[in-house]
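Data first, discussion second: the structure below is written as structure tokens.
Just so it is clear, none of the values below were taken in a lab; they were calculated from the coordinates. Keep in mind it's a predicted model, so treat the numbers as computed, not measured. Cβ placement follows ideal geometry from the backbone for every residue including glycine, while neighbour counts extend to all protein chains displayed.
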Amino acid sequence: MASPDDKVIGVLTSGGDAPGMNSALRAVVRTALSKGAQVYAIYEGYQGMVDGGNQIRVMQWDDVGGILQRGGTVIGTARSADFRTREGRLKAARNLLEHGIDRLVVIGGDGSLTGANLFRQEWAGLLAELAAQGQISPQTAAEHSYLSIVGLVGSIDNDFFGTDMTIGADTALQRITDALDQIGSTASSHQRTFVVEVMGRNCGYLALMSSLAGTAHWVFIPESPPETDDWETLMCDVLRAGRAAGRRHSMVVIAEGARDRHGNPITSAQVCKVLEERLGEDARVTILGHVQRGGSPSAFDRWMSTLVGNAAVEELLSAAPESEPQLIGMRYNRVTHMPLMECVQKTRAVAEAISVQDYDRAMELRGGSFKEQFRILRTLIRALPHPPPPDVRRLKLAILTDGAPAPGMNTAVRAAVRMAVDQGHRVMAVHNGFDGLIRGDLEEFTWMDVHSWGSVGGSQLGVSRNVPSGSDLYAIARTLEAQGIEGLLVIGGWMAYESAHKLYSERNTFPAFNIPMICLPASIDNNLPGSELSIGADTALNSIVQVLDKIKQSAVAFRRCFVVEVMGNYCGYLALMSGLASGAERVYLNEEGVTLKDLETSLNDMIASFKQGKRLSLVIRNENANPLYTTSFMNALFEEEAHKLFDVRSSILGHMQQGGNPSPFDRIQATRLATRCVEFLTAEAEQNSTTCAFIGIQSGQIKIHHFDDMLRMLDIPHTRPKEQWWLALRPLVRLLS
Ligand code: ADP
């Protein structure tokens, strides 16, 4: 058996660049080195492989330092015509063997991965030819008889089978959503109509999700063209009705591959002309273009790419060389392995279905969640609700937000109000959370009352921060009875759940509490039961990571260690994930605790690395990591013991973490969950059932748990769930830093 020293890995980025490729590269290089393998970066994609020489460079640990926050790919990418020829691939094989490389991590789209697979299939033949030509020895050919390949999908389009998200898609979605928010504010000032074209030739993911997140009023995607040939009339009717209902602007989002049912392209210019001519509006086109591709990767793209990069090397080093090449992707926040070519073929099947106008199949192949979001979008963007069905029992529901504000709360309220009103129900919005229920501060909301709430952070309804007790409960019971509330949606964090549970546990005393209730997880701390990611956590993580980038940039001018304190209460999610996304050396969590020995080890590691020329060290501390080893204590300890080898600064990030407009991910999840909560409440109330439940996404599925399950899922003294999936990622922080 070969010793690990013989294992030589090459890594390349190919095809279109995507933010997050650098995080994957860093993880590949550092994982390989930590496992005793050698690793080479192949610059400029396959062209660098064909050209060889200085384009194939050995990588050391520090060569991939400081690149997590950089957009694009630092090792370059290219489209290579040479690699499409056998002659080019022959040269590429020879160049790889010059360094003993027979394992490749290919980060690219379907073209790049197809090329990799072909190269692998031809490998034995290429080696035989090189040996016959005397370019390599027969022994070299025998020692490297297989080429092992692992694929990672770098593509902003999120168009790939076998992974929930491709590297770069989340960042692109953030760029587009930001642009839609910005265009929306100017459009609204001038009462204009905007047509915004986004990328996606065969994939409507970016158009659909940005419309859902950025509150567009009409969307065109390739997979599901307008159902009628006269889409112009349909679109204009909807937008006209929106204006009549009081919208100050209209926004149409169009994927670049949009088409009608016969396959004829629908272009942004064409849509703009229709709007001007038929609606007499001042319409403008904005083509977002390459802005969508560029810039610093989002927090998700950094940690997700880190995970798949790490897993790619583990696969390459552990799988038998002759085994089928794998694609490493993410499903439900976990790394997955799928046969590479099966994924490529299934990905292509969608494009083929679109090209033969089999749109039902295209939508089917995209999967249930995509179809569900399209359906939700088509309701939310309406100017007015559907006329109520004649036989509907008109329910009266109440909605409140409670606990610390979390970005995405307003988005959830908007979706819940519209979904309920659309089904003919009445919605009472409660001001200031449970306090509002105590004081009877309720207001009926109609369709346009939540207009433009989707993109706004904080809580428009207001929150309270007390768990009701004693006479509060009488007051709440009175309000519920007086208002005739038949179902309650509670959007919030730990305290909101506690308050709702309190009502549930007091049902015997207060019959008014015998109504269906459901809690929707909204807390930046991500510490709620039955939910892997609560609403607001993604936004907070992005805010933290952006600040850490700036802190790192400022610190690198000196030799400096930064100790940064992040929120999370007793839950280390924000600390660990921001540590992964920013390349922190050490993360302190309450879950692990902090000992003096830990601090001493960190200090000694830092002293050693600063002595070797390191300029920056980042330590992240959860706010409740340890009550006595505080941020200022750590600062003082490190500063004193560094003996001027480096200086130490600390920063407590504070409430900026709770603020900001919600990220697209938080908006989309808030919308999905709120929709499902309304479905739950109405179904329960219609059957006169009084189930109380809490909702969340677990393993990619929306799950609803009964209140009776809540307590056993909780670590109550630490206000967090007993099971936390992300704790499994702890070793990665240490491995990669
Ligand atoms: P993406 O990987 O983003 O889909 P491309 O389709 O442009 O981007 O592919 C990137 C590169 O991968 C191409 O320039 C070419 O060098 C290589 N490639 C793509 N398809 C093949 C193929 N069928 N055979 C060999 N090489 C290919």
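Quick one: helix 368-380 against the long Cα principal axis of the chain, what's the angle to the nearest 10°, folded into 0 to 90?
That works out to roughly 40 degrees.
What nm value, rounded to one decimal, do you get for the distance between D230 and F558 when each label is placed 7 Å out toward the C-beta?
Between D230 and F558, the label points sit 7.1 nm apart.
Can you give the charge dipole size of the chain about its Cα centre, rounded to the nearest 20 debye, using +1 on the beta carbon of Lys and Arg and -1 on the beta carbon of Asp and Glu? Please list the in-between numbers first.
On the way: 70 positive and 82 negative charges, 175 e Å.
Dipole magnitude for the chain comes out near 840 debye.
Measure up K552/K703; K371/K550; K550/K703; K396/K502; K371/K703; K7/K552 against 30 Å on the Cα-Cα distance and list the ones that go over.
Details: K552/K703 39 Å; K371/K550 39 Å; K550/K703 38 Å; K396/K502 22 Å; K371/K703 18 Å; K7/K552 34 Å.
Over 30 Å apart, Cα to Cα: K552/K703; K371/K550; K550/K703; K7/K552.
Could you work out the relative contact order of the chain? I mean the mean sequence separation of Cα pairs under 8 Å and 6+ apart, divided by the number of residues, in percent.
Value for the chain: 12 percent.
Taking Rh as the Kirkwood radius, which is the inverse of the mean 1/r over Cα pairs, what is the Rg/Rh value for the chain?
Taking Rg over the Kirkwood Rh, I get 1.00.
With viscosity set to 1.306 mPa s and temperature to 10 °C, compute the Stokes-Einstein D of region 540-660, Rh being the Kirkwood radius across alpha carbon pairs; µm²/s, no decimals.
This corresponds to a translational diffusion coefficient of 112 µm²/s.
Whole-Hz ³J(HN,Hα) for each residue in region 29-44, computed from phi via Karplus 6.51 cos²θ - 1.76 cosθ + 1.60 with θ = phi - 60°, x for glycine and proline: what do you get?
5, 6, 5, 4, 5, 5, 9, x, 8, 8, 9, 10, 8, 9, 7, 6
Compute the label zone of N466 within region 403-420: residues whose backbone N is under 16 Å from the point 7 Å along Cα-to-Cβ.
It comes to 403-404, nothing else.
Can you tell me which aspartates and glutamates have their Cα less than 16 Å from the Cα of K644? Leave out same-chain residues fewer than eight positions away.
Candidates past the 8-residue exclusion: D605.
Could you tell me which of rounded, prolate or oblate describes region 1-105, using a ≥ b ≥ c as the square roots of the eigenvalues of the alpha-carbon gyration tensor, with rounded for a/c under 1.5 and, failing that, prolate when a/b is larger than b/c and oblate otherwise? Don't skip to the answer; put the middle values down first.
Working: a/c = 2.27, a/b = 1.08, b/c = 2.11.
Oblate shape, in that a/c is at least 1.5 and b/c is the bigger or equal ratio.
Determine the distance separating the Cα centre of region 86-110 from the Cα centre of region 242-294; give it in Å without decimals.
Their Cα centres are 44 Å away from one another.
So how far apart, in nm, are the two label points at L727 and R712 if each is 7 Å from Cα heading toward Cβ?
Rounded to a tenth, the inter-label distance reads 1.9 nm.
Going by Cα centres, region 395-432 and region 464-491 are how many Å apart?
Cα centroid of region 395-432 versus Cα centroid of region 464-491: 15 Å apart.
Taking only DSSP H segments of four or more residues, each worth -39500 (n - 2.57), what value at 222 nm results for the chain once the sum is divided by all its residues, to the nearest 500 deg cm²/dmol?
Rounded to the nearest 500, the figure is -13500 deg cm²/dmol.
Using 0.36 nm per residue, how much length does the chain from A320 to R57 gain when fully extended, once their Cα-Cα distance is taken away?
Numbers: separation 263, 0.36 × 263 = 94.68 nm, distance 2.57 nm.
Residue separation times 0.36 nm, minus the Cα-Cα distance, leaves 92.1 nm.
Listing Y588, Y359, Y474 from the residue with the fewest other Cβ atoms within 10 Å to the one with the most, what is the order?
Neighbour counts put them in this order, fewest first: Y474, Y359, Y588.
Of I354, I438, how do they rank once you tally other Cβ atoms within 10 Å and put the fewest first? Could you put the intermediate results ahead of the total?
Values: I354 26, I438 21.
Lowest count first: I438, I354.
Could you work out how far helix 340-355 tilts from the main Cα principal axis of the chain, as a 0 to 90 degree angle to the nearest 10?
The angle comes out at about 60 degrees.
Counting other beta carbons within 10 Å of each residue's own, what order do W494, W61, W725 fall into, fewest first?
On the way: W494 24, W61 12, W725 15.
Result, fewest neighbours first: W61, W725, W494.
Zone of Y474 (label point 7 Å along Cα→Cβ, backbone N under 13 Å): which residues in region 431-452?
Once the point is set 7 Å along Cα→Cβ of Y474, nothing inside region 431-452 turns out to lie under 13 Å by backbone N.
Between E443 and S609, what length comes free when the chain is fully extended (0.36 nm per residue of separation minus the Cα-Cα distance, one decimal in nm)?
Numbers: separation 166, 0.36 × 166 = 59.76 nm, distance 6.01 nm.
Taking 0.36 nm per residue and subtracting the Cα distance, the gain is 53.7 nm.
According to the Kirkwood expression over distinct Cα-Cα pairs, how big is the hydrodynamic radius of region 169-292, in Å? Before the final figure, lay out the partial values.
Values: mean 1/r = 0.0704 Å⁻¹.
Result for region 169-292, one decimal place: 14.2 Å.
With angles folded into 0 to 90 degrees, how steeply does helix 664-686 sit against the dominant principal axis of the chain? Use alpha carbons for both and round to 10.
40 degrees
Can you give me the Cα centroid spacing of region 674-711 and region 560-582 in angstrom?
Comparing the Cα centres of region 674-711 and region 560-582, I get a distance of 32 Å.
Which value in nm describes the separation of the simple spin-label points at K396 and A81, placed 7 Å from the Cα toward the beta carbon?
7.4 nm
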